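Quick notes on the structure that follows.
The values are calculated or read from the model by the stated rules, or taken from the named source; none is laboratory data. Everything numeric here is computed off the predicted structure, so don't read it as measured data. Positions of Cβ are generated from backbone atoms using ideal geometry, with glycine treated the same way; all protein chains shown enter the neighbour counts. Areas reflect the complete protein model, heavy atoms only, side chains present, ligands, DNA and RNA absent. Shrake-Rupley method; radii C 1.70, N 1.55, O 1.52, S 1.80 Å.
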Amino acid sequence: MAPDERGFVDLAVEPYEREYLGPVHRVGFWTCILISAAMTLPALLLYLIYGVAAPRAGALAGLALALTYLLPLTIIEPLSYYSVYGDAGNYMSMTTGNIANLRLPCAAVAQSVAEVPEGTRTGAVIACIGIAVSVVVGVVGVFFGSLAGGWITAQFPPWLTGAFQAYLLPAVLGAVFGQFALRGPVYAIPALTIAGVPLLLGWHPYSIIPAAVVGTVLLGYGLFSWKGIAPGRG
Amino acid sequence: MDWKVIANAPWLWICGFVQAAIGLFQAGYFYRLATRLLARHGGYGPGQVRAIVRGAVITAIGPVMAEIFVMMALVFAISPAYTWQREGVAVGSVVTEMVLISNAAIGVGQEFGQPSFDMVGFAAAVVVVNLSCTIASLGAAFFTPYLGRARGKLSRGDPRLLAVIGVCSALGIFAFFAANEVKRRGGHEVAVIAGAILSMFLFKLADWLHRPRMKEWALGLATFGGMLIARLLQA
């Protein structure tokens, strides 16, 4: 391969596709199918061992609500990050989550240590190493965190336990809203209005959640089409 | 039996181990393919690969610690076993997880984090959270080979459109949950507002100080700050 204008020599196409991409797609496909199957186990075991099943209509309603939020992100995230982490990176990221805060930074650092540009074949292979390492660190960390977490929280004084039970969830929701509001301040107040007014009018969350997501996306699309307004970097 | 006991029983730990094993196998296999290709055709020696691994490990420690920090919310609200099953190898950060559990609770007429959340809410959460996350893994299984082409088509050549859709979807859903908590007034309202202000300040502070690694901790610190401020003002 000839060097590009930066003097960088990429991996040749033939070995990249034959020795790397082919096996990546084969194993990536089956591991993603397996992990999907494994995620049905908890509901199945809860029913088989304890005879407890979620009410079907309620579970479907919850699933529909969850998808209004998750579906756009599931489409957007791989499309946005693909040029950084490549095919193997996508299989791993979609299997293990925590993409923006963990997988992407590890992919980017690996590429920067190797002094390889993103969007190249070598960049994708280096990103794969970075993400694979982050998966191992993540699994080990979360396992010990979960084990210790139960013990640590049992040592808390009652006032702190009460604070966790009452206020942790609203604080998380506020903090995440603040994080996204910084990326798109122009959408923040309209989003609150679109969600808040029906809440005050007593609408059911079933209808408010899709309205808030779709309404804010349409507003963003309109501003982008008419004025070229887009979110800043995170 | 108390639902919290069931939520921390061995069956759920085992489900977490099964998922972790698949995720670790996938990562290990891809790692081996990548290092072998680089050694054979890229001229990378073991020393260079070690440097890449070291960089990734150091980078991963901060976000993983931050994740564990926020993860305590799930340990508290549901159980350590549930947290391990969902966060070990699963699709979704702790925050996504909480939104999905809240959706599940709404579906069965309950509210996550409130006394009304019981065995029915837990069962709904187990179904909704896990099934909704298979969308991502099944999507990856079937569509990864076509991502490059799809990316160009959806963004119409302008990747900023992808950012518009992503940020607006997230703002829409979190606007609903934040407004719903504000509606309760009292400590809930304080926690939401304090969490939002602290989060914006800490993310901005990281930019002002040119310390991007601070952002890994911003969300966790804002969450705990918001929670403590709400507790102090309501004491």
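Would you list which aspartates and glutamates come within 13 Å of B:Lys4, measuring only between C-alpha atoms, while excluding same-chain residues fewer than 8 positions from it?
Leaving aside aspartates and glutamates fewer than 8 places away in the same chain, those within reach of B:Lys4 are B:Asp118.
Counting just the Cα atoms, what span does chain A cover along each of its three principal axes? Round to the nearest Å and put the largest first.
Each principal axis gives a Cα extent; for chain A these are 65, 54, 39 Å.
Could you look at region A:70-201 and say what percent of its accessible area is carbon and sulfur, using a 1.4 Å probe and all protein chains?
That share works out to 71 percent.
Roughly how tilted is helix A:158-183, in degrees to the nearest 10 and between 0 and 90, from the longest Cα axis of chain A?
The angle comes out near 50 degrees.
Please grab the % of Cα pairs in region B:164-210 that end up more than 13 Å from each other.
64
Just to confirm the number: angle between the C-alpha axis of helix A:121-154 and the first principal axis of chain A, 0 to 90 degrees, nearest 10?
30
So with the 1.4 Å probe, I'd like the accessible area per residue for chain B, rounded to whole Å².
Per residue, chain B has an accessible area of 39 Å².
Can you give the FRET efficiency to the nearest 0.05 for B:Leu205 and A:Leu201, using r as the Cβ-Cβ distance and R₀ = 30 Å?
After rounding to 0.05, the efficiency reads 0.20.
Does region A:1-72 classify as rounded, prolate or oblate by the C-alpha gyration tensor (a ≥ b ≥ c root eigenvalues; a/c under 1.5 gives rounded; else a/b over b/c gives prolate, otherwise oblate)?
Here region A:1-72 falls in the prolate category.
Within 10 Å of each Cβ in A:48-56, how many Cβ atoms from other chains are there, averaged over the peptide?
Mean inter-chain Cβ contacts per residue within 10 Å come to 5.
Please state the Cα pair-distance histogram of region A:142-213 with 10 angstrom bins from zero: what percent is in each bin?
Over region A:142-213, the share of Cα pairs per 10 Å bin runs 16, 29, 27, 24, 4 percent.
Return the carbon/sulfur percentage of the accessible area of chain B, one whole number, probe 1.4 Å, all protein chains in place.
So the carbon and sulfur contribution to the accessible surface is 67 percent.
Using a 1.4 angstrom probe, figure out how much accessible area chain A has per residue, in square angstrom, rounded to the nearest whole.
Each residue of chain A exposes 43 Å² on average to a 1.4 Å probe.
Work out how far the C-alpha atoms of chain B reach from end to end along every principal axis, then list the three figures in whole Å, largest first.
Cα extents, longest axis first: 63, 48, 38 Å.
Report the equivalent ellipsoid semi-axes for region B:181-235 in whole Å, largest first, defined as the square roots of five times the eigenvalues of the gyration tensor built from alpha carbon atoms.
25, 10, 7
Taking loop as defined by DSSP and a crowding limit of 15 other beta carbons within 10 Å, which chymotrypsin sites (Phe, Trp or Tyr not before Pro) in region A:102-174 fit?
Here no loop site has a sparse enough neighbourhood.
Cα axis of helix B:46-77 to longest principal axis of chain B: angle in degrees, 0 to 90, nearest 10?
10
Given the C-alpha atoms of region B:109-212, compute the convex hull and give its volume per residue in Å³.
So the per-residue Cα hull volume is 171 Å³.
Do any chymotrypsin sites (Phe, Trp or Tyr not before Pro) in region A:187-234 lie in a DSSP loop with no more than 16 other beta carbon atoms within 10 Å, and if so, which?
Passing sites in region A:187-234 are A:Trp203.
Please list the radius of gyration and Dmax for the protein assembly as shown, considering alpha-carbon atoms only, with Å as the unit.
For the protein assembly as shown, the Cα radius of gyration and maximum Cα-Cα distance read 21.7, 69 Å.
Give a residue-ordered list of calculated ³J(HN,Hα) values for region A:105-112 (Karplus: 6.51 cos²θ - 1.76 cosθ + 1.60, θ = phi - 60°; whole Hz; x for Gly, Pro).
x, 5, 4, 5, 5, 4, 5, 6
Find the sum over both chains of the accessible area lost when A and B are paired, probe 1.4 Å, and report it in Å² to the nearest 100.
Using a 1.4 Å probe on protein heavy atoms, the buried area is about 12600 Å².
How large is the accessible surface of A:Asp87 in square angstrom, using a 1.4 angstrom probe and rounding to the nearest 10?
For A:Asp87, the solvent-accessible surface is approximately 10 Å².
Give the Cα extents of region B:1-88 along the principal axes, in whole Å, largest first.
60, 25, 11
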